Amino acid sequence: MLAVNVQSDIKTVLKKLSAYDSRQMPFAIAKALTATAKVVQKDITTELPTAFTSPTPFTKKAFTI
């Protein structure tokens with residue numbers, strides 16, 4: 001079983017950054033989380049046949065971003 005837990009105190013961090021940085025930070029965080037999710041999706045899809053004997057196409061496509 002895979003468990004992902006992401007915690008942050010982003011409001012405190014954003015207060016300490018300049019106005020430009022604080023506008024870019026949400027975009028950078030979203031981009032990083034999306035890239036991480038894509039890697040995890042690929043890994044889960046690759047490992048799926050080891051967890052299930054004959055996964056159906058429906059099961060193979062169950063992990064979306």
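The values are calculated or read from the model by the stated rules, or taken from the named source; none is laboratory data. In this text, all values refer to a predicted model and were calculated from it rather than measured experimentally. Here the Cβ positions follow ideal geometry from the backbone for every residue, glycine too, while neighbour counts run over all protein chains shown. Remember, those area values only see protein heavy atoms, side chains included, never the ligands or the DNA or RNA. Shrake-Rupley method; radii C 1.70, N 1.55, O 1.52, S 1.80 Å.
Just to check I understand the Karplus step: with θ = phi - 60° and J = 6.51 cos²θ - 1.76 cosθ + 1.60, what whole-Hz values come out for the stretch 54-64, glycine and proline as x?
Coupling constants for the stretch 54-64: 9, x, 6, x, 4, 5, 5, 9, 6, 9, 10 Hz.
Per residue, how much accessible area does the chain have with a 1.4 Å probe, in Å²? Please report the intermediate quantities before stating the final value.
Numbers: 5880 Å² over 65 residues.
With the other protein chains kept in place, the chain gives 91 Å² per residue.
Compute the orientation-averaged projected area for the chain from the convex hull of its Cα atoms and round it to one decimal in nm².
So the Cα hull casts an average projection of 5.3 nm².
For the chain, what is the calculated [θ] at 222 nm in deg cm²/dmol (nearest 500), taking -39500 (n - 2.57) for each run of four or more DSSP H residues and dividing by its residue count?
That calculation yields -22000 deg cm²/dmol at 222 nm.
So, with +1 on the Cβ of K and R and -1 on the Cβ of D and E, and no other charges, what is the size of the charge dipole of the chain about its Cα centre, to the nearest 20 debye?
So the magnitude is around 260 debye.
Please return the longest range in the chain lying between exposed loop sites, taking chymotrypsin sites (Phe, Trp or Tyr not before Pro), DSSP loop only, at most 15 other beta-carbon atoms within 10 Å, and leaving the sites out.
The segment 1-51 is the longest one with no such site.
Within the chain, what whole-number % of the accessible surface is contributed by carbon and sulfur, with the 1.4 Å probe and all protein chains included in the calculation?
Details: 3690 of 5880 Å².
The nonpolar share, carbon plus sulfur, comes to 63 percent.
Measure nothing but the geometry: give the 0 to 90° angle between the long axis through the Cα atoms of 19-51 and the longest principal axis through the Cα atoms of the chain, rounded to 10°.
Relative to the chain, helix 19-51 is tipped by roughly 10 degrees.
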